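A short worksheet on the structure shown next.
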Amino acid sequence: MRVVDAVKFCEKELVMFENPTLEAEWLVALSLGIGRADIYKTDEIDKELEKRLISNLKKRKKGMPLEYVVSSANFYGYDLFVNKNVLVPRPETEELVLLAKDYILPTHDVLDIGTGSGAIAIAIKKQTNANVFAVDKSRRALKIAKINAENNHADINFAFSDLFSGVKGHKFDVIIANPPYISRKEYEKLDKTVKNYEPKLALFGGEDGLKFYKRIIKDAPKFLKEGGKIFFEIGFDQADDVSKLLEKDFENIKVKKDLEGNDRMVFATKRR
Ligand SMILES: C[S@@+](CC[C@H](N)C(=O)[O-])C[C@H]1O[C@@H](n2cnc3c(N)ncnc32)[C@H](O)[C@@H]1O
């Protein structure tokens, strides 16, 4: 089969998607490891690659997120290996990195809680060259984060940890987290493509979705240096709740919207 015909074939098979052409183009490009500009070439695809493409097409038709199909995601310009043990890093989280990096110096100690694929930790390390620590409660996720750090030449200290349990005795200049924040009610309503494929441990934030914010905010002052800062990604309707939780021990509490106009980030400074 020629590349150009493969795109046409996939397009017909992917009619259940909103934009079958785009779906087909990405599937072919990523499955064959070529740029999207090369998909209209008339080159023949070898049998091995053709088999891979057909197998990927079957998975995508069932609704598997494209990143899991091709085992790869791009975050902040860094290529990451992903599979069902880690959340596919989202564009909103790139905005959290964009926000936090301007407050981080190369001399700083930074903690990424719930690192998953390592997305935030790797981007922060590459952008700031700070001393980055990254923790997760999933050993499988940590394994992937370590592979991604190595592939991206990012020197990061990883630890298995239930929130702060694995970093006792350390103090950080910056804590950054995109914790699981989906409430029970929202979890039940989640799109099948998310619910059936992405790990519940990475998504479910307890009955009200605030479980991890409560736990992290309670302990964070002990793990932050004087004047240390905390940065959270939040669900679009959690800004007030998370800001309130921060009021006791933090000052300069600020909420920032993402590019879609939703409240998406909250950050604050440890009260002196
Ligand atoms: C929403 S995902 C974020 C993943 C990644 N940081 C990102 O932004 O793409 C939340 C992560 O928190 C981890 N997690 C869940 N409970 C945890 C806990 N008690 N302690 C540490 N990490 C936890 C999950 O395994 C998952 O990797």
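Descriptive notes on the structure:
- In units of the compact-protein estimate 2.2 N^0.38 Å, the stretch 1-140 shows a Cα radius of gyration of 1.26.
- Of all complete DSSP H helices in the chain, not one has a Cα span along the helix axis of 27 Å or greater and a mean Kyte-Doolittle hydropathy of 1.6 or more.
- Gyration tensor over the Cα atoms of the stretch 145-188: the corresponding equivalent ellipsoid has semi-axes (square roots of 5 times the eigenvalues, largest first) of 25, 18, 10 Å.
- Fully extending the segment from Val15 to Lys168 would add 49.9 nm, taking 0.36 nm per residue of separation and subtracting the current Cα-Cα distance.
- Heavy atoms of Asp38 accessible to a 1.4 Å probe, total area in Å² rounded to 10: 50
- Volume per residue for the stretch 150-249 equals 133 cubic angstrom (convex hull of Cα atoms).
- The order of Tyr213, Tyr197 by accessible area, most exposed first and with a 1.4 Å probe, is Tyr197, Tyr213.
- Shape annotation for the stretch 25-96: C-alpha extents along the principal axes are 42, 26, 17 Å, from largest to smallest.
- Estimated inter-spin distance, Lys256 and Asn157, nm [label 7 Å along Cα→Cβ]: 2.5
- Hypothetical label at Ser72: residues of the stretch 135-171 whose amide nitrogen lies under 19 Å (7 Å Cα-Cβ projection): 144-154
- Computed over protein heavy atoms with a 1.4 angstrom probe, the accessible surface ordering of Arg272, Arg184, Arg90, Arg140, largest first, is Arg272, Arg140, Arg184, Arg90.
- Put a dot 7 Å past the Cα of Glu186, heading toward its Cβ, do the same for Leu105, and the two dots end up 3.6 nm apart.
- Packing-based ranking of 227-235, 248-256 yields 227-235, 248-256, ordered from highest to lowest mean Cβ neighbour count within 10 Å.
- All Cα pairs of the stretch 3-62, percent lying beyond 16 Å: 32
- Residues of the stretch 178-210 with an amide N closer than 16 Å to a point placed 7 Å from the Cα of Lys62 along the Cα-to-Cβ direction: 192-199.
- Placing a label point 7 Å from the Cα of Lys222 along the Cα-to-Cβ line, the residues of the stretch 257-272 whose backbone N sits under 19 Å from it are 270-272.
- Signed unit charges on C-beta, dipole axis of the stretch 72-270, positive-most listed residue Ala239, Val174, Ala134: Ala134
- Straight-line cross-link partners of Lys225 among the aspartates and glutamates, defined as a Cα under 12 Å from its Cα and at least 8 positions apart when in the same chain: Asp109, Asp173.
- Two-decimal log10 I(q)/I(0) for the stretch 82-132, as the Debye equation yields it once each C-alpha is a single scatterer, q = 0.14, 0.16 Å⁻¹: -0.34, -0.43
- The charge dipole of the stretch 179-272, taken about its Cα centre with unit charges on the Cβ atoms of Lys, Arg (+1), Asp and Glu (-1) only, comes to about 420 debye.
- Magnitude of the charge dipole, the stretch 72-270, Cβ model with Lys/Arg +1 and Asp/Glu -1, debye to 20: 620
- Ranking His170, His108, His153 by solvent-accessible area of protein heavy atoms (1.4 Å probe, all protein chains present), from largest to smallest, gives His153, His170, His108.
- Mean residue ellipticity (222 nm) of the chain, computed from DSSP H runs ≥ 4 via -39,500 (n - 2.57), nearest 500: -12000 deg cm²/dmol
- If the chain linking Val194 and Val4 were pulled fully straight, counting 0.36 nm for each residue of separation and taking away their Cα-Cα distance, it would gain 65.4 nm.
- Orientation-averaged projection of the stretch 175-218 equals 3.1 nm² [convex hull of Cα atoms, one quarter of hull surface area].
- Globularity index of the stretch 72-270, i.e. its alpha-carbon radius of gyration over 2.2 N^0.38 Å: 0.94
- Average silhouette area of the stretch 73-169, convex hull of alpha-carbon atoms, in square nanometres: 5.5
- GNM flexibility winner over the chain from Thr93, Thr107, Thr115 (Cα, springs under 10 Å): Thr107
The values are calculated or read from the model by the stated rules, or taken from the named source; none is laboratory data. Remember, it's a predicted structure, so these values are computed and weren't measured experimentally. So basically every Cβ, Gly included, is an ideal-geometry build from the backbone, and we count neighbours across all protein chains shown. The area values use the complete protein model at the heavy-atom level, side chains included, leaving out ligands, DNA and RNA. Shrake-Rupley method; radii C 1.70, N 1.55, O 1.52, S 1.80 Å.
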